[in-house]
1. From the residues GLY137, ALA116, GLY106, which one has its Cα farthest along the dipole of the chain in the positive direction, the dipole being from +1 and -1 charges on Cβ of Lys/Arg and Asp/Glu about the Cα centre?
2. For SER135, what accessible surface area do you get with a 1.4 Å probe? Give it in Å², rounded to 10.
3. Pairs of alpha-carbon atoms within less than 8 angstrom and 6+ residues apart define the contacts here; what relative contact order does segment 81-191 have, in percent?
4. Averaging sequence separations of C-alpha pairs under 8 Å and six or more residues apart, then dividing by the length of the chain, give the relative contact order as a whole percent.
5. When the solvent-accessible surface of protein heavy atoms is calculated with a 1.4 angstrom probe, in what order do GLU109, GLU79 fall, highest first?
6. Are there any chymotrypsin sites (Phe, Trp or Tyr not before Pro) in segment 123-187 that are in a DSSP loop and have at most 10 other Cβ atoms within 10 Å? List them by number.
7. Please work out which option in (1) 15.2, 43; (2) 15.8, 46; (3) 18.5, 57 gives Rg and Dmax of the Cα atoms in Å calculated from these coordinates, and answer with its label.
8. Mind ordering 55-65, 22-32, 139-149 by average Cβ neighbours within 10 Å, highest first?
Amino acid sequence: MTQTAVTRLRQAVSRTEDATRERAATGRRPQDADDLVGTFATDGALGFDPFPFLQALHKAGSHAVVIGQVAGIMHGSTELTGDLDLLWDGTPAQARALRDALGIAGCAEPPDLDLAQVAYRVAGASGDLCTPALSWGGLDVTACLTRAVRADDPSGFTVRYVALDDLIRMRRAIGRPKDHRRADELERLRT
């Protein structure tokens, strides 16, 4: 099961590359994504490859958990994305590990990890680094960190991603049109 999650993500990265091969940059950053289509319609999808950063997270000892649409893809969603969002616990030890991972992955401008949510950019990926201190529509996401699913990549690193039920709850709590649509898709995958 867990290797299948990594395979799904690798296939999605390949589909994203195919779908954006002829797309010209527009200047729209992932932060400019709309609430319906999401980051796939932004320049974040151009050259999107989260694997170097996921490998860096493992190497640095980060316990960050993949959330958002990348986690959805790992659970079987077919919608593509252009960003990699992560949930981490906000502790000083994990801040150090996250800074190390960002450095390994080539982050030119390290973000302020004292914030509940901050954007980051590394080679191949960008997105948000979120802590449980962020307002999650009344949802306490702290336990999502301990319930995370582990997927082993054949090349020797592990990806931690949010469990399916937690992802569905997160989607419903955030409540944008794309989140409801994706939560509905995930509900169908569960049956």
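1. GLY137
2. Roll a 1.4 Å probe over it and SER135 shows about 100 Å².
3. Reported relative contact order: 20 percent.
4. Once normalised by length, the contact order is 24 percent.
5. GLU109, GLU79
6. Loop-located and lightly packed - none at all.
7. The value matching this structure is (1).
8. 55-65, 139-149, 22-32
The values are calculated or read from the model by the stated rules, or taken from the named source; none is laboratory data. Note that the structure is predicted; figures quoted are calculated from it, not measured. All Cβ positions, glycine included, derive from the backbone under ideal geometry; neighbour counts span all protein chains shown. Heavy atoms of the whole protein, side chains included, go into the accessibility calculation; ligands, DNA and RNA do not. Shrake-Rupley method; radii C 1.70, N 1.55, O 1.52, S 1.80 Å.
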